[in-house]
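The values are calculated or read from the model by the stated rules, or taken from the named source; none is laboratory data. Because the structure is predicted, anything quoted here is derived from the model rather than measured. Note: ideal-geometry Cβ built from the backbone for every residue, glycine included; neighbour counts use all protein chains shown. We work out accessible area using only protein heavy atoms, side chains counted, and drop any ligands, DNA or RNA first. Shrake-Rupley method; radii C 1.70, N 1.55, O 1.52, S 1.80 Å.
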Amino acid sequence: GVMTDSQVYLKYLRWLMQKDELRQDSFLIGTPGAFRRHLAFSFAELTQREVEYLCLTRDTTESDIKQRREIVSSSVIYANQCAVNAALNGRILIIEGIEKAERNLLPILNN
């Protein structure tokens, strides 16, 4: 029922708050879908923190996560991507689709 679902939701939010207080990363596993995304965004709203969002696909590369080379006015620059922006600005990094990531990306995501 709705009451059970909301109690489960609050239990997960409390767990996220505890992990955050300990300055630990959180990894939500389970059936892919809206529940985990809503939970993560609810946590960000509760803690009044900004979010960087990354949806992984089989085509995601290391540069899509960290820095990407871009050409601006015929000069090459390195533009920070979501993981770097989250780290530099104290934002929450929400990563979806981890099950689709190529194996070589897992150490990068872990760091």
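Among the candidates Leu109, Leu105, Leu88, Leu54, single out the residue that is without any contact (Cβ under 8 Å) to a residue 40 or more places away in the chain, outside any loop (DSSP other than H, G, I, E, B) and of a type in the set (A, V, I, L, M).
Of Leu109, Leu105, Leu88, Leu54, the one residue that is without any contact (Cβ under 8 Å) to a residue 40 or more places away in the chain, outside any loop (DSSP other than H, G, I, E, B) and of a type in the set (A, V, I, L, M) is Leu88.
Residues are listed down the side, and each one gets a yes or a no for (1) touching a helix residue (DSSP H, G or I) at 6+ places or on another chain (Cβ under 7 Å); (2) hydrophobic (A, V, I, L, M, F, W, C):
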residue	(1), (2)
Arg68	no, no
Ile71	no, yes
Val76	no, yes
Asn85	no, no
Asn89	no, no
Ile95	yes, yes
Arg103	no, no
Leu106	no, yes
Asn110	no, no
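Which of the residues spanning the stretch 52-66 are of a type in the set (A, V, I, L, M, F, W, C) and either in contact with a helix residue (DSSP H, G or I) (Cβ under 7 Å, 6 or more places away or on another chain) or under 22 Å from Arg23 (Cβ atoms) (or both)?
Leu54, Leu56, Ile65
Looking at the stretch 90-107 only, could you name the residues that are open to solvent by 40 Å² or more (accessible area, probe 1.4 Å) and over 22 Å from His38 (Cα atoms)?
If the condition is that a residue be open to solvent by 40 Å² or more (accessible area, probe 1.4 Å) and over 22 Å from His38 (Cα atoms), then Glu102, Arg103, Asn104, Leu106, Pro107 are the ones that fit.
For the stretch 34-54, state whether one or more residues are loosely packed, with under 11 Cβ neighbours inside 10 Å, more than 12 Å from the chain's Cα centre (by Cα) and either under 14 Å from Leu109 (Cβ atoms) or basic (Lys, Arg) (or both).
No, every residue in the stretch 34-54 fails to be loosely packed, with under 11 Cβ neighbours inside 10 Å, more than 12 Å from the chain's Cα centre (by Cα) and either under 14 Å from Leu109 (Cβ atoms) or basic (Lys, Arg) (or both).
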